[in-house]
Amino acid sequence: MFLTDRGAARLVSTTANAVAAVFGFGGAWLTGFSPWAILAAPMGGTIGWFVGWAAGRRTGRALTRTGYAPAGRAVYRLGELPPGESTAGGKARALSRLVRAGLPVPRGFVLLPRAFDAHPLTRSAADALAAELARFPDGQRFAVRSSALAEDSASASFAGAYETVLDVSAGQVPAAIATVLASGESGRVASYGEAVGSRYGEVAVVVQALVPTEQAGVLFTADPLTGDLGRMTGSVVDGLGESLVSGSSTGTEFSLARPSGAYTGPDALRPVADVLHRCAHDIEGIFAGVPQDIEWALASGRVWILQARPITTLNPWQPRTAERNDSLAGACLWSATNLGEANPEAQTPLTISWMAYQQANGGPSMALRGREMAGSIGGRPYANLSVQITARRGKSGKLDPRDAYRKLAGWWGDLPADVPVPLVPMTSRDWNDAGLALLGSLARIAWTRRRLPAFLRGHQPRCAELISAVESCATTGELRQLWHDALLDFSIGSFWAVIAAGSDSPALLEAELRQQLGADDASALMSNLSGLVGDLESLGPAAGLQDVLAGRLSREQYLDRFGHRGVNEAELAWPRPAEDPDWLDRMLAQAVGGADLGVRRQRQQDAFDAALSRLATRDARLAARVRRQLERAARRAALRESVRSEGVRTTGVMRRFALRAGSLLDIGDDVFLLTIEELLAALDGDRSALGLLALRRDTYRRYRQLPPLPGIICGSFDPFAWAADPDRRTDVYVAGVRADPLPDDGSDVVVGHAGALGTVEGVVRRLDRFEDADELQAGEILVTRLTNIGWTPVFPRAGGIVTDLGAPLSHAAIVARELGVPAVVGCGDATVRLRTGDRVEVDGAAGRVRVLSRAAD
């Protein structure tokens, strides 16, 4: 016997409430039941609830781990299958997980490949089979199914490929097992495996009690065609459901809305529709929110779950090529703004997997039903706005989704009105489960935030120590041990620091000031944050060059402070600027003759003083309050940027770890084509993934050849199909909707977000990549997809800045404001509609770019 997950949840709830009651009564008793008991009882009850919850959870976890049979057996009952027994195959492992979760699964057992000597059962396995069959009542009929290694996986279901033998007696089970095993050698299994690129491997066999079904069917927890997470779809037939699985019958369709469970379909199924909805929703949650294809049956009014597997059409991960496309895992809203700044090119598998690995091993996670706040699409990082909007709405769900998004707009910019906002379907129990995890993350963030000054003081020396330790590793074993002992925790701690330092207070304050004071004064006040706290880190690369030229900063000091920053700094495979001995000379040559940043900064200071003086004349108390708010926002902005810089320094340490691993494994830079899990396995001696490197090189090359992807994506997105579309939109993509084409070049106004105050006329210089930045002439209008800290030294030459991606907290907006360069960010389509040689007017406060004349063809 064992405690199911549902039983453990009841244990936690009961223990928490019981201890809360005891502590609450104790608090009142300690006050002598005086009036102070009104405060003491709730406080004691709250403390008691957390104590009881922790104790109940610890006890529940211990009890749920009991009941597993010893490893090494040939035959296991489904509820006793050890979780690490991979040879049981996909179907048996999933059924075992459902049984232990407390779902209504028919009794059964699994025979592992080691139970067979070729096709005949070994003697010990035959004895075990007989013993298991004897546990069932006389006359019991059975269903015998395959459970191959790759069967019922995310990438391959093998539905109908193997034989299934139904309605057999106990005496017929051995022959049915032989039939299932023999089907593994059929041509259709081999053909299916080749078609999906999956190795099907050895076959285990599942034997279960046959449910005398009145109705049976399949139920998808998300629409398998559109990925709609708010709609479950299914089909039902009378009798056994094998005809649905084999495709010989389509059955009668029905649907269930999520999270409400509202049912649409045949009346005969209505009485159990709520149970089906609840079971299906729970099953998806058991498998970390991965949409499931569920087979179910109805017998005597009771719902039985026959099996569950991932919906293969919603699979975001291809293990052979290491391609991740999280837009395929269910319809969500995604944004590349801000995240795309540090990742202008396709990321390598190692970089993509490194982020997820940290989150899965103690790093910052704000997941709802297994969906993290960021993912990867087309090799680029995207923020999952559906998760963030759902979290903002909270358990009550009363806040309109677009109103919830407006609270996030400082990070991600405005959302076009015609773009839908899909949500993550959350029930009250989901919120209860997620609430404590989110509370724990928020507590960790608060604790980390208090330690940020210490983090900044000690981080750079610690990076140097770890790099030295990495370089001293002489064997793969030593390097693997260093990862375990120091590097992983160091990386995760840095990740927490970056998250804890994040703040949208400058954007919120600017929005408030715009309403109170108007756009011009608000922009003037918000464009002098560095004047209040000293230069922001994002200004450092440009200001530092002028300091080197003036002799105020040595070359070594400059490299020490900024040599880890650049245009692709979040990518592990990207060489750091300090690795190039000629890099600083090139930067200094470009800085010679550039605009004096001191003059620009003084101009911003004067505009700030004038705006504050005007406000003080009108309302001195308001002016004092606004200055305090500005100083607080400036400190938070400075802290955010300083911590982010050190976070990038951590990326440099991880790069050195990867390079050392590549050297020790004799694969060089191909190490970046492995996932972090594969790299660690290789260091441990399992080098099977190295055989995929040639395939990975070709795949990565294809992704690097893609044009810049849309800033906003809603629903399932195929980057290669989109790139092949001559009428593609570069700003927004909504799955299933044929968007109107972008305005042609005859349109004379490009609209974006207010980036930096000022109006300027100039000639456009459109730059599609940073490597061409030396083409920008003084006073020209820089038009580009996005900018990041690597572009900062270029900004003093620009007369104005216009970007496709961007928001109030984006790099272009922050730096342009501090330097007094008029900027319009987040236009979406500026690089499509503006060409080098066009003459334009940039109105930073209004967020508009007006074409005055077109370049001659």
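The values are calculated or read from the model by the stated rules, or taken from the named source; none is laboratory data. Note that this is a predicted model, so its numbers are computed, not measured. Note: ideal-geometry Cβ built from the backbone for every residue, glycine included; neighbour counts use all protein chains shown. The accessibility values were calculated without ligands, DNA or RNA, using every heavy atom of the protein model including side chains. Shrake-Rupley method; radii C 1.70, N 1.55, O 1.52, S 1.80 Å.
Shape call for region 406-560 from the C-alpha gyration tensor, a ≥ b ≥ c root eigenvalues: rounded (a/c under 1.5), prolate (a/b greater than b/c) or oblate? Note, shape of region 406-560 comes out oblate.
Arrange the peptides 688-695, 635-642, 322-329 so that the one whose residues have, on average, the most other Cβ atoms within 10 Å appears first.
Details: 688-695: 14.1, 635-642: 20.5, 322-329: 22.4.
Highest to lowest by the protection proxy: 322-329, 635-642, 688-695.
Treating the Cα atoms of the chain as identical point scatterers in vacuum, please give the log10 of the normalised Debye intensity I(q)/I(0) at q = 0.05, 0.06, 0.07 Å⁻¹, two decimals. At q = 0.05, 0.06, 0.07 Å⁻¹ the computed log10 ratios are -0.34, -0.48, -0.65.
By the Stokes-Einstein formula, at 1.002 mPa s and 20 °C, region 665-779 with its Kirkwood radius over alpha-carbon pairs has D equal to 113 µm²/s.
Taken one residue at a time, the phi angles of region 361-372 give Karplus couplings (6.51, -1.76, 1.60, θ = phi - 60°) of 10, x, x, x, 9, 10, 5, 10, 6, x, 9, 7 Hz. Gly and Pro are set to x. Where the alpha-carbon atoms of region 1-155 are placed on the principal axes, they occupy 78, 39, 24 Å, in descending order.
Quick one: length gained pulling Arg451 to Ala856 fully straight, 0.36 nm per residue minus the C-alpha distance? Using 0.36 nm per residue and subtracting the Cα-Cα distance, I get 140.1 nm. Relative contact order, whole percent, for region 1-74 stands at 45, derived from Cα pairs under 8 Å and 6 or more residues apart.
Looking at the chain, the DSSP beta bridges with both ends there are about 85 percent antiparallel. In region 639-704, the inverse of the mean reciprocal separation of distinct Cα atoms equals 13.1 Å; this is its Kirkwood hydrodynamic radius.
At what distance in angstrom do the alpha carbon centres of region 781-857 and region 547-601 lie from each other? Between the Cα centres of region 781-857 and region 547-601 lies a distance of 22 Å. Dividing the summed -39500 (n - 2.57) terms of all DSSP H runs of n ≥ 4 by the residue count of the chain sets its mean residue ellipticity at 222 nm at -13500 deg cm²/dmol.
Per-peptide packing, taken as the mean over residues of other Cβ atoms within 10 Å, places 113-123, 535-545 in the sequence 535-545, 113-123 from highest down.
In this view, the solvent-accessible surface of Ser235, computed with a 1.4 Å probe and all protein chains in place, comes to about 20 Å².
With just the Cα atoms defining each centre, how far is region 298-316 from region 623-676? Give it in Å. Region 298-316 and region 623-676 have Cα centres separated by 43 Å.
Report the full-extension gain for the segment Ala486 to Thr759: residue separation times 0.36 nm, less the Cα-Cα distance, to one decimal in nm.
Working: separation 273, 0.36 × 273 = 98.28 nm, distance 5.13 nm.
Result for the pair: 93.1 nm of gain on full extension.
Given a Förster distance of 22 angstrom, what is the FRET efficiency for Ala268 paired with Leu166, based on the Cβ-Cβ distance and rounded to 0.05?
Details: r = 23 Å, r/R0 = 1.03.
Efficiency computed from Cβ-Cβ geometry: 0.45.
The charge dipole of the chain, taken about its Cα centre with unit charges on the Cβ of Lys, Arg, Asp and Glu (plus for the first two, minus for the last two), comes to roughly 2740 debye.
What ranking of Ser183, Ser613 comes out by heavy-atom accessible area, probe 1.4 Å, highest first?
Numbers: Ser183 10, Ser613 65 Å².
Order by accessible area, largest first: Ser613, Ser183.
The mean sequence separation of alpha-carbon pairs under 8 Å and at least six residues apart, normalised by the residue count of the chain, gives a relative contact order of 10 percent. Ranking Ile377, Gln590, Ser527 by how far each Cα lies toward the positive end of the dipole of the chain (charges on Cβ) leaves Ser527 at the top.
Spin-label model, Ala209/Leu438: points 7 Å from Cα along the beta carbon direction are separated by 4.1 nm. Counting 0.36 nm for each residue step from Arg392 to Ala134 and taking away their Cα separation leaves a gain of 87.4 nm. With Cα atoms defining each centre, region 1-80 and region 406-454 are spaced 27 Å apart in the structure. The alpha-carbon positions of region 568-685 define a convex hull whose volume is 136 Å³ per residue.
The Ala71 and Leu588 beta-carbon pair, evaluated with R₀ = 41 Å, returns a calculated FRET efficiency of approximately 0.05.
Shape verdict for region 341-458, please, from the Cα gyration tensor: rounded (a/c under 1.5), prolate (a/b greater than b/c) or oblate. It would help to have the intermediate numbers written out before the result.
On the way: a/c = 1.56, a/b = 1.16, b/c = 1.34.
Oblate.
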